[in-house]
Amino acid sequence: MDMVIIRQIVLPVSIRGMTVMDSEGDYNVYLNSRISRARQLAALEHELEHIRRDHFHDSRPVHELEAEVAGG
């Protein structure tokens, strides 16, 4: 279905955000409610970039995908 659902949840402070694709093909973006709004927005943009680049169907190691988004 490819919807993007955004939620705020309590995560460890070291995790700003994460995305999980569900069984319907929707992207569930979780933002850390413990961090500032500015950091949440940066985390959201980071997670959306993973979605734009179709990283959820990419078999490369996670550290490579993270480096690609951080650099680009």
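What follows draws every value from the coordinates through simple rules; no lab data is involved. Quick caveat: nothing in here was measured; it's all calculated off a predicted structure. Virtual Cβ from ideal backbone geometry, glycine too; neighbours counted across all protein chains shown.
Residues whose amide H comes within less than 5 Å of that of Ile6, counting only those at least five positions distant or on another chain, are Val29 (H built at 1.01 Å from N in the peptide plane). Between Leu11 and Ser33, Arg34, the built amide H atoms are under 5 Å apart, and every one of these is 5 or more places off in sequence or on another chain. The local environment of Val10, defined by Cβ-Cβ distances under 15 Å, has a net charge of +4 under the rule Lys, Arg +1 and Asp, Glu -1.
Computed from backbone phi with θ = phi - 60° and the Karplus coefficients 6.51, -1.76 and 1.60, the 3J(HN,Hα) list for the range 26-33 is 8, 9, 9, 9, 10, 10, 6, 6 Hz; x is used for glycine and proline.
For log10 I(q)/I(0) by the Debye sum over Cα atoms at q = 0.11, 0.14, 0.16 Å⁻¹, the value calculated from this model appears in [x] -0.31, -0.46, -0.57; [y] -0.22, -0.37, -0.49; [z] -0.26, -0.42, -0.55 under label [z].
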